[in-house]
Amino acid sequence: MKDERLKPNYEIKRKPESNLRNYYTILLEVGLILALLILTAIVRMDLTTTESDVIEVAEQEAVEMEEIIQTQQIETPPPPPRPPSPVAVPNDEIIEDVDIMIDAEMDFDTHLDAPPPPPQQEEEEDEEDFFILVEQMPELIGGLEALQQQVRYPERALRANIQGRVYVQFIVNERGEVENPQVIRGIGGGCDEEALRVVSQAKFKPGMQRGRPVRVQYNLPVIFMIRN
């Protein structure tokens, strides 16, 4: 199939005035002139806005904060009173002598009563008469095993499943006896009282200091353990 666009246009040959190429130059010049006229008109147009279109923004007044310094009023003390003015005494005035009459005669041989003695202060409490550390510390007769065999487990501690150690502090005197036992750390449930009872019945070899028995402070643990 042949392309009809490739066929020669015989009408242009018959009518040369219908060929637009002949007017190309004229049309180009006319278009340039119109474009220049339109551009010139746009440039000469007044595009500035009127005064009514301008929106004035009022400036806010800046408020300055001044720091007010608190003044302290210093009170001045009143002036001291003026001393009295001295009164001049004339030299011609004679001052009479005053005689002091002592009627009572003093007897230096009489015994003067002495003031009562000051009240006696209470005697200070006696210092502690026991040692904490000596050359030979007290020894528990029979050992801790014999002491533990004398322990009776309290029923309250058994029901409450209370176990542990009770520490007892006491004094071992010169004869090896226990004095003033005290629980310094207990577990409750009747174990503290049982530990005091067992320790009170314990016997010791007394502590020795410089070859003689002395009183010594001693701590002893009593163990409470539930065995199945």
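So, in nm, how far is label TYR24 from label ARG159 when the simple model puts each one 7 Å beyond its Cα toward the Cβ?
Simple spin-label model gives 12.9 nm for this pair.
Sequence-distant or interchain residues sharing an amide H contact under 5 Å with GLN209, placed H: which?
Here VAL214 satisfy the definition.
Among 134-140, 74-80, 37-43, 189-195, how do they line up by average Cβ neighbours within 10 Å per residue, starting with the highest?
Details: 134-140: 16.1, 74-80: 5.7, 37-43: 9.4, 189-195: 20.1.
Result, highest mean first: 189-195, 134-140, 37-43, 74-80.
I want the local charge near ARG156. Using Cβ-Cβ distances under 11 Å, sum +1 for each Lys or Arg and -1 for each Asp or Glu among the other residues. Could the numbers behind the result be given before it?
Numbers: positive: ARG159; negative: GLU155, GLU193, GLU194.
Once positives and negatives cancel, what remains is -2.
Need one word for the stretch 139-224: rounded, prolate or oblate. Basis is the Cα gyration tensor (sqrt eigenvalues a ≥ b ≥ c); a/c below 1.5 gives rounded, then a/b vs b/c decides.
Working: a/c = 3.09, a/b = 2.30, b/c = 1.34.
The shape class here is prolate.
Could you work out how much longer the chain between GLU135 and GLN148 gets when fully extended? Use 0.36 nm per residue separation minus the Cα distance between them, nm to one decimal.
On the way: separation 13, 0.36 × 13 = 4.68 nm, distance 2.71 nm.
Net length gain for the segment: 2.0 nm.
Under the Karplus relation 6.51 cos²θ - 1.76 cosθ + 1.60, θ = phi - 60°, what is the ordered set of whole-Hz ³J(HN,Hα) values for the stretch 204-214, x standing for Gly and Pro?
Once θ is set to phi - 60°, the couplings for the stretch 204-214 become 10, 7, x, x, 10, 9, 6, x, 10, x, 9 Hz.
Skipping prolines and chain starts, which residues have an amide H placed within reach, meaning under 5 Å, of the one on ARG185, given they are 5 or more residues away or on another chain?
HN-HN under 5 Å from ARG185: TYR167.
If you stretched the chain out fully between ARG44 and MET225, how much longer would it get, using 0.36 nm times the residue separation minus the C-alpha to C-alpha distance?
Values: separation 181, 0.36 × 181 = 65.16 nm, distance 11.64 nm.
Once the chain is fully extended between ARG44 and MET225, it gains 53.5 nm.
Since every read-out is calculated from the coordinates, none of them should be taken as a lab result. None of the values given here were measured: they were computed from a predicted structure. With ideal geometry, Cβ positions are generated from the backbone for all residues, glycine too; neighbour counts draw on all protein chains shown.
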